[in-house]
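I have placed the structure first, in the form of C-alpha cells, so that the comments after it can refer back to it.
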Amino acid sequence: MTDTAQHKARLRAYFDGVGFERWSAIYGGGALASRVRRSIRAGHSAMLAQAARWLNELPHAAGERALDAGCGTGLWSLELARRGYAVRAADIAPQMVGATLEQARASGLAERVTGEVADLEALGGSYELVSCFDVLIHYPAASARDMLLHLASLSRGRLLLTYAPRQPLLVALHWVGARFPQGQRHTNITMLPDAFVRQSLAEAGFGTVRTHRISSGFYHVTLVEAQRI
Ligand code: SAH
C-alpha cells in the first residue's frame, strides 16, 4: 500500500469507529464536557452558517446537482437538500453515510439525498456545486493538491471548501493542543498556505471568489468559494 492509501485506510477505520462517536457528538446537539470540543462545535457551526449565507446568494434551479464530499453526519448535505439541490452525500466511512441518510429520512428529505461510501478521489460525475468541508485538514499536505484538483474536476460551477490556514501562531497552538490528554486523538491537523490553495484552484481552472476565516478556540479554518472560470 502507498503512504496515501495507508493514511486513507487509517482515517476510514477511525471515522467509522471511535471517530464516528467523537464527531457525531461534536456535530450533534447534546452536552459536551470538553472545552476543546465545545470550541470545535462552535467554530464548525459558524463555518456552516457562513457557507449557508453564501449559498443563499448563489442562483440555482431546483434539482441542480450538488456533491458533499466527506459528508460526515450530513449537516451540510441537509442544508443543500433543503434548498432544493439533488445531493450526493459521499464519505469514506460507512457509518457517516448511514447517519446522513438517516438524518435525511428524519427530515423528510430522503428523496433529495443519495449516499455513497467512497473515497472522494474515486468519485466521478459532474455537479453544479461541490463542497468539501473539514476533510483536507486530515490529510498530509502532499495529498492536498491532488485532492483539490480532483474535487475541482467534478464541479461545473462552484466549489466550497475549507482548509486550515498555515500561520505561525496556529502552528504553535496546535503544538500545544496536540499535548492535551485526549485519548482518541488520531492525527495532526494539516495546515496549508493560502497561496497554495489559491494556486491549486487556479491550476484547476477555478478563481477564488471569496474567503472567510473562522477562529474559535481550537477550530481555525478558511472557508473558500471558488468558481470555474
Ligand atoms: N463535512 C462534514 C464532516 C467533516 S469530518 C462536516 O463538515 O460536517 C471529516 C469527514 O471526512 C469524515 O466523515 C470522514 O470520514 C470523511 N473523509 C475523510 N477522508 C475522506 C476521503 N478521502 N473521502 C471521503 N470522505 C473522507
Exercise for the section: Whole number please: convex hull volume per residue, Cα atoms of the chain, in Å³. Expected result: 116 Å³
Practice task
Run the dipole for the chain about the Cα centre, Lys and Arg Cβ at +1, Asp and Glu Cβ at -1, nothing else charged, and hand back the magnitude in debye, nearest 20.
Solution key: 620 debye
Fill in the blank from the handout: Neighbours of L55 by Cβ distance under 14 Å: Lys/Arg at +1, Asp/Glu at -1, summed charge -1
Practice task
Can you put R88, R83, R210 in order of Cβ neighbours within 10 angstrom, beginning with the fewest?
Solution key: R210, R83, R88
Completion exercise
In the chain the DSSP beta bridges are antiparallel at a rate, in percent to nearest 5, of 45 percent
Practice task
Grab the DSSP H runs of the chain that are 4 residues or longer, score each as -39,500 (n - 2.57), total them, divide by all residues and round the 222 nm result to the nearest 500 deg cm²/dmol.
Solution key: -13500 deg cm²/dmol
Practice task
Measure off 7 Å from each Cα along the Cα-to-Cβ vector at V36 and Q167, then give the distance between these two points in nanometres to one decimal.
Solution key: 2.1 nm
Completion exercise
With label points set 7 Å from each Cα along the Cα-to-Cβ direction at T211 and E102, the distance between them in nm comes to 3.7 nm
Problem - At R0 = 35 Å, FRET efficiency that the Cβ-Cβ distance of L58 and T114 yields, to 0.05 - result: 0.95
Exercise for the section: Grab the Cα-Cα distance for Q227 and R82, subtract it from 0.36 nm times how many residues apart they are, and report the gain in nm with one decimal. Expected result: 50.0 nm
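A short reminder: the numbers here are calculations on the coordinates, not readings from a lab. Just so it is clear, the structure is predicted and the values come from calculations on it, not from any experiment. Note that each Cβ is placed from the backbone with ideal geometry, even for glycine, and that neighbours are counted across all protein chains shown.
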